[in-house]
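First comes the structure, then the notes that go with it.
The values are calculated or read from the model by the stated rules, or taken from the named source; none is laboratory data. Computed from a predicted structure; not experimentally measured. Positions of Cβ are generated from backbone atoms using ideal geometry, with glycine treated the same way; all protein chains shown enter the neighbour counts.
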Amino acid sequence: MVIDKDVLVHILRIALLAGGEQQRREHEFKYLCVTMSAKGIRVLSEAGSYHSVARAREVFDVSGAGDTVIATLAAGFAGGLKVETAVELANLAAGIVVGKVGTVPIAKHELIAALTPSSGVAMGEKILDKDLLARRVAEWRAAGETIVFTNGCFDLLHMGHVTLLEDCRKFGSKLVLGLNTDASVQRLKGLSRPVVGERERARVMAALAAVDAVVLFDEDTPLELIRALQPNVLVKGGDYSVETVVGHEDVIAAGGRVEIVPTVEGFSTSNIIRKLTVPSDRS
């Protein structure tokens, strides 16, 4: 008689749980946790059993998953969590670890990110302050996203701006745009700028499909912001070299890279303003 593989696995799983319950009774354990690979974790107790289903993730390496469960359970119990909550947290932690290669620790922000996923973000919700953006970037990074950062004034949006942002997005899966505040733009370009205020500019930029987050910065350069976010890829358009891009040393030192993309000739905010202010030759 040939026994189906799935049936055999089910029989072995029942035997494993029965053996676990026998061990719990013999040694008078209050709880006994049985890790069941892709099936999650089963907690055995005198009151019955509790099953925590594994979170669906792409598995790269199961090394350290069991140790992660034990460590997270211990931390949860030490922090006063109920057994069910501690087990769910441990299961979540193990799911994150198996998505990495090798035996690696799990960081606090990765657990927080997994517990507070964001998806389907509306355009208004893309506009974030630095602290909230840092948490969202940590969430994206924990999910394996590649974070791209660029910055600019983006006053009077034109095709050159849109092309730049589309090019930026090709270097990763999440694009963060650092947007100069009105005060910052004035210091850089004069008191007549910007033409469009920072709130309106932020809203327009957030509406673009290529942009995943917009953050305003008041400094003359985005260096502080870059250091806070630690993007994987730093992008600048124009005639820059890698060495002249603000923040390049920090990004490269952290294992990231800098990309330079060409500007679209003939398109600039200055040209648009000039056309609006210079009288037409036509009568």
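Things worth noting here:
- In region 17-53, the residues that are of a type in the set (A, V, I, L, M), surrounded by fewer than 13 Cβ atoms within 10 Å (Cβ to Cβ) and outside any loop (DSSP other than H, G, I, E, B): A18, A38
- Answer residue from region 232-261, given it is assigned to a loop (DSSP other than H, G, I, E, B) and within 19 Å of L177 (Cα to Cα) and is nearest to the chain's Cα centre (by Cα) among those: N232
- Test: T72 is in a helix (DSSP H, G or I) and in contact with a Pro (Cβ under 9 Å, 6 or more places away or on another chain): no
- Pairs with Cβ under 7 Å, 6+ apart, first in region 72-98 and of a type in the set (S, T, N, Q), second part of a helix (DSSP H, G or I): T72/L89; T72/A90; T72/A93; T85/G76
- Count of residues meeting criterion [in contact with a helix residue (DSSP H, G or I) (Cβ under 9 Å, 6 or more places away or on another chain) and not in a helix (DSSP H, G or I)] in region 170-217: 26
- Residue match in region 116-134 (condition: modelled with pLDDT of 80 or more, in a helix (DSSP H, G or I) and of a type in the set (K, R)): yes
- Failed item, numbered, when G237 is tested on (1) touching a helix residue (DSSP H, G or I) at 6+ places or on another chain (Cβ under 8 Å); (2) surrounded by 19 or more Cβ atoms within 10 Å (Cβ to Cβ); (3) at pLDDT 95 or above: (3)
- Any chance V162 is touching a helix residue (DSSP H, G or I) at 6+ places or on another chain (Cβ under 9 Å) and of a type in the set (V, I, T): no
- Pair list, Cβ < 6 Å and 6+ apart or interchain, from region 261-283 residues that are of a type in the set (F, W, Y) to residues that are at pLDDT 75 or above and loosely packed, with under 14 Cβ neighbours inside 10 Å: F267/M159
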